[in-house]
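A short worksheet on the structure shown next.
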Amino acid sequence: GAVVSQHPSWVICKSGTSVKIECRSLDFQATTMFWYRQFPKQSLMLMATSNEGSKATYEQGVEKDKFLINHASLTLSTLTVTSAHPEDSSFYICSAADVNTEAFFGQGTRLTVV
Amino acid sequence: GDSVTQMEGPVTLSEEAFLTINCTYTATGYPSLFWYVQYPGEGLQLLLKATKADDKGSNKGFEATYRKETTSFHLEKGSVQVSDSAVYFCALSDLGGAQKLVFGQGTRLTINP
């Protein structure tokens with residue numbers, strides 16, 4: 001299957017700082033990318049859907065000013081957690097898809113805010 | 001809204017045992033159903049899928065049948081191997097393709113030799 005690379009795999013940051021997570025489709029063009037968040041022992045929750053060149057669509061309850069998503073090219077989407085706090089600590093996972101294809105997942109990023 | 005409920009883990013079995021992981025769903029329409037697997041240190045991978053009632057998805061010895069009457073999509077394997085140890089996620093999509101997904105909470109499976 002197609003490869004989606006997510007970077008970094010894990011990150012620790014201080015409270016109040018911002019963290020950027022990258023999601024790249026390595027061997028296909030991703031017209032749509034999805035960002036999920038997973039709390040311990042809970043399911044993946046969709047945060048937002050981004051289409052290349054347009055603004056992301058956020059799910060209800062997700063703060064768009066807190067979680068900035070940029071999908072500037074067909075192979076790269078970024079999620080920036082702004083002014084991170086300990087409650088933002090979580091596992092973030094991206095997936096990428098082309099038109100009418102299944103979505104392929106990155107390996108996830110574990111964020112710890114101290 | 002749509003939701004997926006999986007049996008809670010962790011599940012620990014011996015090699016060659018029979019595996020069932022239960023999954024039930026709630027959806028307003030006629031969703032497509034999926035099982036994903038996440039091996040340690042890797043991203044989620046699509047294991048199998050079914051797009052309409054009574055369809056059976058199968059892959060790597062795993063099977064699941066789309067049961068509309070019981071709103072279920074239970075994952076089964078007749079004889080598990082140590083290499084099947086992973087986290088398994090049941091998911092649905094209302095949009096047909098496996099893109100915007102609603103996931104269950106995942107079930108961690110450990111197979112002992």
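The values are calculated or read from the model by the stated rules, or taken from the named source; none is laboratory data. What you see is a predicted model; the values in this text were computed from it and never measured. Glycine gets a Cβ as well: all are built from the backbone with ideal geometry, and neighbour counts include every protein chain shown. Just so you know, the surface numbers come from the protein's heavy atoms only, side chains and all, with ligands and any DNA or RNA stripped out. Shrake-Rupley method; radii C 1.70, N 1.55, O 1.52, S 1.80 Å.
Please determine, by comparing only the residues of the range A:62-108 that are within 11 Å of chain B (Cβ to nearest Cβ) and among the polar types (S, T, N, Q), which one is nearest to the chain's Cα centre (by Cα).
The qualifying residue nearest to the chain's Cα centre (by Cα) is A:S95.
Name every residue in the range B:38-55 that is open to solvent by 40 Å² or more (accessible area, probe 1.4 Å), closer than 18 Å to A:S43 by Cα and assigned to a loop (DSSP other than H, G, I, E, B), in order of residue number.
B:Y39, B:P40, B:G41, B:E42
Looking only at the range A:8-28, count every residue that is surrounded by 14 or more Cβ atoms within 10 Å (Cβ to Cβ) and not hydroxyl-bearing (S, T, Y) and tell me the total.
Total satisfying the criteria: 9.
Output yes when any residue across the range A:56-66 is among the small types (G, A, S), in contact with a strand residue (DSSP E or B) (Cβ under 8 Å, 6 or more places away or on another chain) and without any contact (Cβ under 8 Å) to a residue 24 or more places away in the chain, and no when none is.
Initially, the range A:56-66 is screened for residues among the small types (G, A, S), giving A:56, A:61.
Next cut, in contact with a strand residue (DSSP E or B) (Cβ under 8 Å, 6 or more places away or on another chain) only: A:56.
Among the residues that remain, those that are also without any contact (Cβ under 8 Å) to a residue 24 or more places away in the chain are: A:56.
Yes, that holds for at least one residue.
Report the residue count in the range A:61-100 for those that are within 15 Å of A:T49 (Cβ to Cβ), of a type in the set (V, I, T) and assigned to a loop (DSSP other than H, G, I, E, B).
Residues flagged as within 15 Å of A:T49 (Cβ to Cβ), of a type in the set (V, I, T) and assigned to a loop (DSSP other than H, G, I, E, B) within the range A:61-100 amount to 2.
Go through (1) surrounded by 13 or more Cβ atoms within 10 Å (Cβ to Cβ); (2) not in a strand (DSSP E or B) one by one and return the number of the condition B:L95 breaks.
(1)
May I ask you to verify whether A:G61 is under 30 Å from B:C23 (Cα atoms) and in contact with a Gly (Cβ under 9 Å, 6 or more places away or on another chain)?
Criteria not met by A:G61.
Within the range A:49-85, count every residue that is loosely packed, with under 14 Cβ neighbours inside 10 Å, within 17 Å of A:S18 (Cα to Cα) and among the hydroxyl-bearing types (S, T, Y).
Summing the residues that are loosely packed, with under 14 Cβ neighbours inside 10 Å, within 17 Å of A:S18 (Cα to Cα) and among the hydroxyl-bearing types (S, T, Y) in the range A:49-85 gives 1.
Filter the range A:86-114 down to the residues that are in contact with a Gly (Cβ under 8 Å, 6 or more places away or on another chain) and either surrounded by fewer than 14 Cβ atoms within 10 Å (Cβ to Cβ) or on the phi > 0 side of the Ramachandran plot (or both) and list them by number.
Across the range A:86-114, the qualifying residues are A:N100, A:G108.
So which of A:L26, A:L44 ends up being more than 11 Å from every other protein chain (Cβ to nearest Cβ) and either under 18 Å from A:D98 (Cβ atoms) or among the hydrophobic types (A, V, I, L, M, F, W, C) (or both)?
Going through A:L26, A:L44 in turn, the sole match is A:L26.
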